[in-house]
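S.K.: Before we start, here is the structure in question, set down as structure tokens.
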Amino acid sequence: MAESGAGRWSNKERVLILSSRGISYRTRHLMQDLRTLMPHARPDTKMDRKDKLFIINEICEMKNCNKCLYFEAKKKQDLYLWIANVPHGPSAKFLVQNVHTLAELKMTGNCLKGSRPLLSFHPIFDQEPQYQLLKELFIQTFSTPRYHPKSQPFVDHIFTFTITDGRIWFRNYQIIEEDGSLVEIGPRFVLQLIKIFQGSFGGQTLYENPAYRSPNLHRRSLRNVAAAHFTERRNVKEAQRLLRGRELQALPHDPTQAVFDTPAPPRPSPTTTSPHPHYKKKLHKRQRLRMKQ
């Protein structure tokens, strides 16, 4: 769908996309995909993990950006996403799960580079206050400003934000027909809300997800289950070993035990057998000569 008429670029939203050191290759590709889909995004170098998050506000000010997507990696296996309105807030922290990039999915959908997307939200975003705040934050961050110099005057794909199982599922679809037929393009990822802060990268906590469990606690619970299973197997083996080493209890004599026993004739043992009567021991030649003498 092409946009008619020429206008003036008035919405000056710019999004800074950066990450901390220690991210995986999949996170790096996801960041590159988001920069490709968002023409109003700007890149920056990686941040040192020892630096405070408030430094990002100064970086955004130098880059002339008022929104920020910051990917924070911890322990080289956990990925967190900060979405912040710089410099006055609010900001939200998410746990990123199930990341699939454009190159990994290889979907059949396609869209024009730089085209403006539509944003579709789940009905729950209009029912609860924390999701209403996130909806406004997503709209200001992911929507491409109209008449942006790097954008194309077309709307041919759609970003969907769906809430299922207490998580926000992000999908990108191509609009292929006028009746609304969709084909997925990618990327895709899942966001689990942790906290919403009043300021940018900090401040008073406005909302905290009570159903959130950190990845460390989840991994610890899995290790505890495996340890309990191993302990149970070891206890069973120890009980079986003690049972085998215990002396068997002697049962009282049963007088009817030998009723069906059939007596058999005694068989001579191999040590008491007599030699064959026709067997003669063969003598040597020297012994035969002595017997003749």
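The values are calculated or read from the model by the stated rules, or taken from the named source; none is laboratory data. All figures in this text were calculated on a predicted structure; none of them were measured in a lab. All Cβ positions, even for glycine, are placed from backbone atoms using ideal geometry, and neighbour counts span all protein chains on display. Side chains included, ligands, DNA and RNA excluded: accessible areas come from the protein's heavy atoms. Shrake-Rupley method; radii C 1.70, N 1.55, O 1.52, S 1.80 Å.
S.K.: Given a 1.4 Å probe and every protein chain left where it sits, what share in percent of the accessible area of the range 179-269 is carbon and sulfur? Present the calculation step by step, with values, prior to reporting the outcome.
M.R.: Values: 4220 of 7420 Å².
Answer for the range 179-269 is 57 percent, counting heavy atoms of protein chains only.
S.K.: Does the range 162-228 come out rounded, prolate or oblate, given a ≥ b ≥ c as the square roots of the eigenvalues of its C-alpha gyration tensor, rounded meaning a/c under 1.5 and, failing that, prolate meaning a/b above b/c?
M.R.: On the way: a/c = 3.51, a/b = 1.52, b/c = 2.31.
Verdict is oblate for the range 162-228.
S.K.: Next up: Using every alpha carbon pair in the chain, what percent of pairs falls into each 10 Å bin from 0 up to the bin containing the largest distance?
M.R.: 5, 19, 24, 13, 6, 4, 4, 4, 5, 5, 5, 4, 2, 0, 0
S.K.: Okay, moving on. Report, in whole Å, the centroid distance computed from the Cα atoms of the range 53-98 and the range 205-265.
M.R.: For the range 53-98 versus the range 205-265, the Cα centre distance is 51 Å.
S.K.: Report the gain in length on full extension from Gln287 to Ala250: 0.36 nm times residue separation, minus Cα-Cα distance, nm rounded to one decimal.
M.R.: Values: separation 37, 0.36 × 37 = 13.32 nm, distance 6.26 nm.
In short, 7.1 nm is gained.
S.K.: With the full set of protein chains in place, find how many percent of the accessible area of the range 1-146 is carbon and sulfur; take the probe as 1.4 Å.
M.R.: Values: 3790 of 7720 Å².
Within the range 1-146, the accessible surface is 49 percent carbon and sulfur.
S.K.: With every protein chain kept in place and ligands, DNA and RNA left out, what is the accessible area per residue of the chain? Probe 1.4 Å, answer in Å².
M.R.: Numbers: 19900 Å² over 293 residues.
Counting only protein heavy atoms, the per-residue value for the chain is 68 Å².
S.K.: Can you give me the relative contact order of the range 177-250 as a percent, contacts being Cα pairs under 8 Å and 6 or more apart? Intermediate values should be presented prior to the final figure.
M.R.: Values: 23 pairs, mean separation 11.5, N = 74.
The value is 16 percent.
S.K.: Set the Förster radius R0 to 41 Å, insert the Cβ-Cβ distance between Asp261 and Asn235 as r into 1/(1 + (r/R0)^6), and round the FRET efficiency to 0.05.
M.R.: Plugging the Cβ-Cβ distance into 1/(1 + (r/R0)^6) gives 0.40.
S.K.: For every other residue with a beta carbon closer than 12 angstrom to the beta carbon of Ala226, add +1 if it is Lys or Arg and -1 if Asp or Glu, then tell me the sum. Write down the numbers at each step before the final one.
M.R.: Numbers: positive: Arg219, Arg220, Arg223, Arg233; negative: Glu232.
With Lys, Arg at +1 and Asp, Glu at -1, the neighbours total +3.
S.K.: Give, in nm to one decimal, the length gained when the segment between Lys75 and Phe54 is fully stretched (0.36 nm per residue of separation minus the Cα-Cα distance). Let's see the in-between values first.
M.R.: Working: separation 21, 0.36 × 21 = 7.56 nm, distance 2.14 nm.
In short, 5.4 nm is gained.
S.K.: Which order do the peptides 142-149, 66-73, 164-171 come out in when sorted by mean C-beta neighbours inside 10 angstrom, highest first?
M.R.: Order by mean packing, descending: 66-73, 142-149, 164-171.
S.K.: Here's something else I'd like to know. Sorted by mean Cβ packing within 10 Å, highest first, what order do the peptides 252-261, 183-192 take?
M.R.: Details: 252-261: 6.6, 183-192: 20.1.
Descending packing order for the listed peptides: 183-192, 252-261.
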